[in-house]
1. Search the structure for amide H atoms under 5 Å from the amide H of ASP345, placed 1.01 Å from N in the peptide plane, and list their residues when 5 or more places away or on another chain.
2. Work out from phi, with θ = phi - 60° and the Karplus expression 6.51 cos²θ - 1.76 cosθ + 1.60, the ³J(HN,Hα) of each residue of segment 49-66, listed in order in whole Hz, and give x for Gly and Pro.
3. If ligands, DNA and RNA are left out, what is the accessible area of MET341 with a 1.4 Å probe, given in Å² to the nearest 10?
4. Tell me, what HN-Hα J-couplings in whole Hz come from the Karplus equation 6.51 cos²θ - 1.76 cosθ + 1.60 at θ = phi - 60° for each residue of segment 126-141, using x for Gly and Pro?
5. May I ask you to evaluate 6.51 cos²θ - 1.76 cosθ + 1.60, the Karplus curve with θ = phi - 60°, for each residue of segment 402-409 and list the ³J(HN,Hα) values in order in whole Hz, giving x for glycine and proline?
6. Please work out the FRET efficiency for the pair GLU347 and HIS279, using the Cβ-Cβ distance as r and a Förster radius of 22 Å; give the result to the nearest 0.05.
7. List the residues, sorted by chain then number, that are 5 or more residues from PHE291 or on another chain and whose placed amide H is less than 5 Å from its amide H.
8. Using a simple spin-label model with points 7 Å from Cα along the Cα→Cβ vector, what separation in nm is obtained for HIS390 and VAL227?
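The values are calculated or read from the model by the stated rules, or taken from the named source; none is laboratory data. The structure displayed is predicted, hence computed values, not measured ones. Heads up, the Cβs are rebuilt from the backbone with ideal geometry, glycines too, and the neighbour counts pull from every protein chain shown. What goes into the accessible areas is simple: the full protein's heavy atoms, side chains included, and nothing from ligands, DNA or RNA. Shrake-Rupley method; radii C 1.70, N 1.55, O 1.52, S 1.80 Å.
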Amino acid sequence: MNFSKFASQGDRHHILGRIILLRALALTTAVLVLLVFQWYLARSLSYELMYTLVALGCVATLVSLVRLQRAPVVDDWELALQLLIDGAILVCLVAFSGRASNPFIYYLLVLVAIASAIFPRWLAWCFGALAVVSYTLLLYLDLAAHIHHLFSDFQLHLVGMWINFVGSTALLTFFVSNLATALRDREIRLAKAREQALQSEQLIAIGTLAASTAHALGTPLSTMAIVLGEMPRNDDVGLLQAQVERCKRTLGQLSRIADKEQSREEVAVDELFDELNQHYQLTSPGAVPEFMQGGRAGDMRLRYSPLLAPAIINIIDNALRAARSQVQVRAQSQGGHLQIMVTDDGEGLAPEQALRYGTLELGGAEDGMGIGVFLANTTLEQLGGRIVLHNANDSGGSKTAVAIELPLLD
């Protein structure tokens, strides 16, 4: 489960690796300190118990390392568990070696800082509160066990350390968490800006190619129309003339943006569906999708764009190519949005294709490279809409459903 919205899978693997490395360094330091206390300072401590705790920490480190190398997915709960393990090992070691008077208890602040940097605020505050409770419990046990033979100044020193720890925990959690959140938001905005810039570059390249292609095809089509007009009339010549006219109309759509239709601000859903239905009645009368409107969806109005119908046609064309025999286009209202569900009874998309749907990386399609879907997705985003891809299995077989969501006008 992932409750963090900022870390990618690669980020989590990297963070887990750093936590494991930090634990290994902390355990090595703990062993060196124990050896110094045991053999050089000759202090009386529960060395067997503490060496056992260090050994358990080493085992946890090795298990985590194997997990890091083999596990394809690392979620946020696992990162939180790793920090809790570090905190538990530290608290147990300190509890048997001076409790609150042990200065190594302040290593908890390092764990608090890590939690504040990688987790959402609520979890960072929970981790900080848990650290404060642990320190408070150690202080209480320390004072309760030695209250009668501790100097009052030393008691004040312990209480002062506790106050310093609580204040440091609160400041770290507040400032580090806010700074990390601001940095993550900035990275998200930069990533979106880079994506939009790349998308704009791709659109400019496609638009330039489309304009040059339309210009290059205009003359040959005019020549073909003239030659066909001079040939003796028969069914084949009539069919060719009709196809040439269809090509010329299609190329003419490239100039519709500058046409007077662009001045329209809205369109009714039933008008849009009539336009779509007429398109398929003329271009492919043998394979016309089934258009349906649920409830009062037909009376609702959308923001108009001359590219809206071609964008939806691109999606429907893909469904027609993928379908075995049936394509349904159903409009229904969903809150303040219109949902146009395009469903076919085809084989569906592979998971890797579904992840890249709507981008130029779709690729692999037999009838194209995904440019049509990319342009459709871009047009819908400019109108405030989006494309949501669904793959579902039912008694009728595997189906691919593409939901086109567009905001309704008030």
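1. The list, which skips near neighbours in sequence, is ARG324, SER325, GLN326.
2. Ordered by residue, 3J(HN,Hα) equals 5, 6, 5, 5, 4, 5, 5, 5, x, 5, 4, 4, 5, 5, 4, 5, 5, 5 Hz.
3. Rounded to the nearest 10, that gives 40 Å².
4. Each residue of segment 126-141 in turn: 4, 5, x, 5, 5, 5, 5, 4, 4, 5, 4, 5, 5, 5, 4, 5 Hz.
5. Rounded to whole hertz, the list is 10, 9, 9, 10, 10, x, 8, 7.
6. Details: r = 25 Å, r/R0 = 1.16.
About 0.30, to the nearest 0.05.
7. Those qualifying (amide H under 5 Å, at least 5 residues apart or on another chain) are VAL329.
8. 5.0 nm
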